[in-house]
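The values are calculated or read from the model by the stated rules, or taken from the named source; none is laboratory data. As the structure is a prediction and not an experimental result, all values here were calculated from the model. Side chains are part of the model used for accessible areas, which takes the heavy atoms of the whole protein and leaves out ligands, DNA and RNA. Shrake-Rupley method; radii C 1.70, N 1.55, O 1.52, S 1.80 Å.
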Amino acid sequence: MYGLPAAGKTTQAKKIAEKYGMYHFAMGEKLREQIASGSELGLKIKNTVAAGLLVPDEIILEVLRDVKKQAVETGIIFDGFPRIINQAILLDQMLAEVGLTADAFCLLKVSSEEVEKRINNRIALENRGDDKDKSVVENRMNVFLKESIPLSAHYQEKNKFYELDGEEPIETIFKKLCEIIEK
Ligand code: AMP
């Protein structure tokens, strides 16, 4: 699942994980857990996440340590990963090592006005530090705007790219995602 902040990636990924018994791998959540635990890795990435910038790939690789086993055992719905072309290539390599490939890359499209509305609503619900500062949200949106074209092209070349209207009702989007998964 890929898209702007608050596009609905986690909402849909959770529903997919529940329906198909897949492991829900939410990269942002894993990174926030590391930060909250005060681990060495968490300390290294605290400022980067707080600023809405991308965590370096060597740290992302550490967080992905158990992913191959999980991919084989249950399948994985990734949420917020890959976010840049290099991560997509890393993922291709990791999956190839266990004889798998990524099935679909789904971009949830939402307008920047909708992002602003949703982030304002989410502040009250989730209390995420990176939602509260407008310039941090802007950084996160800029990362998306910069990386989305090469990343989408990578999956378009493989016929694995799907773009969905993230402003449709949750259940409508979910139905479309299920059709993609079951294809
Ligand atoms: P999210 O919960 O998906 O909105 O991600 C929150 C933050 O975690 C992002 O703004 C980044 O700082 C960091 N992050 C999440 N996923 C990645 C990723 N795949 N690569 C690098 N940084 C990431």
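Quick notes on this one:
- Computed from the alpha carbon positions, the gyration tensor of segment 1-85 leads to an equivalent ellipsoid with semi-axes of 22, 16, 11 Å, biggest first.
- Length gained on full extension, Leu100 to Lys158, computed as 0.36 nm times the residue gap minus the Cα-Cα distance: 19.5 nm.
- Accessible surface calculations at 1.4 Å, restricted to protein heavy atoms, place segment 7-163 at 56 Å² per residue.
- 14 Å tail of the calculated P(r), segment 108-165, as % of Cα pairs: 64 percent
- Exposure rank, largest accessible area first [Tyr162, Tyr23, Tyr155; 1.4 Å]: Tyr23, Tyr162, Tyr155
- Of the DSSP H helices in the chain, those whose Cα atoms cover at least 27 Å axially and whose Kyte score averages -1.0 or more: 134-157
- Across segment 38-118, Cα-Cα pairs more than 22 Å apart make up 38 percent of the total.
- With the gyration tensor restricted to C-alpha atoms of the chain, the semi-axes of the equivalent ellipsoid amount to 24, 21, 16 Å, longest first.
- Fully extending the segment from Lys132 to Leu61, taken as 0.36 nm per residue of separation minus the present Cα-Cα distance, adds 22.8 nm.
- Using a probe of 1.4 Å, the accessible surface attributed to Met27 totals some 10 Å² when neighbouring protein chains are kept in position.
- For the chain, the mean residue ellipticity at 222 nm estimated from helices alone is -20000 deg cm²/dmol, where every DSSP H run of n ≥ 4 contributes -39500 (n - 2.57) and the total is divided by all residues, rounded to the nearest 500.
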